[in-house]
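Asker: Have a look at this one.
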Amino acid sequence: MPTAAEPTGVTSPAALAERYGLTKSSQRPTLPAYLRELWSRRRFVLSYATARTYAMYAGARLGSLWQVLTPLLNAAVYYLAFGVLLGTKNGIDNYVAFLLSGIFVFTYTQRCMTEGSRSLALNLSLIRTLHFPRATLPLAYVLNELNQMLVSMGLLFVIVGVTDGLAWRWLLVVPALVLQSMFNVGITLIFARIGTFVSDVSQLLPFVTRTWLYASGIFFSLPAKLTEANAPDWVIHLLALNPISAYIDIVRRSLLSEHEANQLPYAWPIAIGWSFVVLAGGLLYFWQAEDRYGRG
């Protein structure tokens, strides 16, 4: 018998959808299905990241040369402010390479967070028009920043090669960047979801990352400074849990032989742990809101 709300001979949309196996286009897929669909869109991620890189420098007279000039100018400012004026370069051999390695590694994560927090909000028209895994957008932003990081690291290799010579330990930079990229994907997905529903986070992040910058041992050696201050060992171990400090320490240890004397404890286990935990947590956290993105 038909219900009072359903006229005789009229089938409800829900019944029709069930009859023909139709589902809501915005329905969140299972996590394995989501990962498969995300992998199938890998060419879109690459194309979108390439287009963003081109668009960033399309209006500049020097074009893509800014990919090299930007990190160099940032490093020059920090070298003058901290290395020269504050004297943090004293006691650190090859301070230029020491400083550049810290800045490049930190900037990679910093820009992934700040740019990724706006990745969905800036593409609402695309999200509301097409059906695709929303995680492709934050991933494209990470890939774009990875491209910038590779250019910066190429520049750093040249500087270290000239000032410190070539060494086989340079190869350890590769797994270090892989681990950092995994961490960056996870943290970018986290802030992409937060930035979608809390627009003020993009205004707050510069202050958060600036504080993180000063606490990560970029301008000076954390173990050396803490040893000079007679800090307890537990303080050194606590500060070593900072993921950025671990990635920076591994890169410096790979490139600069003199840094081995002041390396952080357990840098590799800490870097590996943060990478896998944040990647898995970020992906799960982002996927849980997949059916809510673009709904206002």
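Asker: Residues in the stretch 151-177 that are touching a residue at least 24 places away in the same chain (Cβ under 8 Å) and under 24 Å from Pro138 (Cβ atoms): how many?
Answerer: Of the residues in the stretch 151-177, 5 are touching a residue at least 24 places away in the same chain (Cβ under 8 Å) and under 24 Å from Pro138 (Cβ atoms).
Asker: Next question. From Pro7, Pro29, Pro2, which residue is at pLDDT 85 or above and not in a helix (DSSP H, G or I)?
Answerer: Pro29
Asker: Let me ask something else about it. With the structure loaded, tell me whether Thr196 is over 12 Å from the mean Cα position of the chain (by Cα), buried (at least 22 other Cβ atoms within 10 Å of the Cβ) and of a type in the set (Val, Ile, Thr) or whether it fails that test.
Answerer: Spelling it out, Thr196 is indeed over 12 Å from the mean Cα position of the chain (by Cα), buried (at least 22 other Cβ atoms within 10 Å of the Cβ) and of a type in the set (Val, Ile, Thr).
Asker: Follow-up. If Trp274 passes every condition in (1) closer than 19 Å to Val198 by Cα; (2) aromatic (Phe, Trp, Tyr); (3) modelled with pLDDT of 95 or more but one, which one does it miss?
Answerer: Condition not satisfied by Trp274: (1).
Asker: Oh, and also: Does Phe104 satisfy being crowded, with 22+ Cβ neighbours inside 10 Å, of a type in the set (Phe, Trp, Tyr), in contact with a helix residue (DSSP H, G or I) (Cβ under 8 Å, 6 or more places away or on another chain) and closer than 22 Å to Arg252 by Cβ?
Answerer: yes
Asker: Restricting attention to the stretch 123-143, and to residues there that are modelled with pLDDT of 90 or more and part of a helix (DSSP H, G or I), which single residue is most open to solvent (accessible area, probe 1.4 Å)?
Answerer: Leu143
Asker: In the set Pro206, Pro243, which member is touching a residue at least 60 places away in the same chain (Cβ under 8 Å), exposed (fewer than 14 other Cβ atoms within 10 Å of the Cβ) and of a type outside the set (Val, Ile, Thr)?
Answerer: Working: Pro243 fails: exposed (fewer than 14 other Cβ atoms within 10 Å of the Cβ).
Step by step, each of Pro206, Pro243 is checked, and only Pro206 is touching a residue at least 60 places away in the same chain (Cβ under 8 Å), exposed (fewer than 14 other Cβ atoms within 10 Å of the Cβ) and of a type outside the set (Val, Ile, Thr).
Asker: Which number in (1) open to solvent by 50 Å² or more (accessible area, probe 1.4 Å); (2) at pLDDT 80 or above marks the one condition that Asp249 misses?
Answerer: Status for Asp249: all satisfied but (1).
Asker: Answer yes or no: is there a residue in the stretch 77-85 that is within 30 Å of Asn147 (Cβ to Cβ), part of a loop (DSSP other than H, G, I, E, B), at pLDDT 70 or above and open to solvent by less than 80 Å² (accessible area, probe 1.4 Å). Spell out the reasoning first.
Answerer: Just the residues of the stretch 77-85 that are within 30 Å of Asn147 (Cβ to Cβ), to begin with: 77-83.
Within this subset, residues satisfying the condition of being part of a loop (DSSP other than H, G, I, E, B) are none.
No, the stretch 77-85 contains no residue that is within 30 Å of Asn147 (Cβ to Cβ), part of a loop (DSSP other than H, G, I, E, B), at pLDDT 70 or above and open to solvent by less than 80 Å² (accessible area, probe 1.4 Å).
Asker: Can you confirm whether Leu120 is touching a Phe, Trp or Tyr at 6+ places or on another chain (Cβ under 7 Å), farther than 28 Å from Ala215 by Cβ and either surrounded by fewer than 22 Cβ atoms within 10 Å (Cβ to Cβ) or not small (Gly, Ala, Ser) (or both)?
Answerer: yes
Asker: Could you tell me which of the residues Ala289, Ala271, Ala280, Ala240 is more than 15 Å from the chain's Cα centre (by Cα) and either within 25 Å of Pro175 (Cβ to Cβ) or of a type outside the set (A, V, I, L, M) (or both)? Give the derivation first.
Answerer: On the way: Ala289 fails: either within 25 Å of Pro175 (Cβ to Cβ) or of a type outside the set (A, V, I, L, M) (or both); Ala271 fails: more than 15 Å from the chain's Cα centre (by Cα); Ala280 fails: more than 15 Å from the chain's Cα centre (by Cα).
Sole residue among the options that is more than 15 Å from the chain's Cα centre (by Cα) and either within 25 Å of Pro175 (Cβ to Cβ) or of a type outside the set (A, V, I, L, M) (or both): Ala240.
Asker: Working carefully through the options Gln148, Gln180, find the one that is open to solvent by 10 Å² or more (accessible area, probe 1.4 Å) and under 30 Å from Leu65 (Cβ atoms).
Answerer: Numbers: Gln180 fails: open to solvent by 10 Å² or more (accessible area, probe 1.4 Å).
Just a single option satisfies the conditions, and that option is Gln148.
The values are calculated or read from the model by the stated rules, or taken from the named source; none is laboratory data. All figures in this text were calculated on a predicted structure; none of them were measured in a lab. No Cβ is skipped: glycine too gets one built from the backbone with ideal geometry, and neighbour counts run over all protein chains shown. Quick note on the areas: whole protein, heavy atoms, side chains included, nothing else; ligands and nucleic acids left out. Shrake-Rupley method; radii C 1.70, N 1.55, O 1.52, S 1.80 Å.
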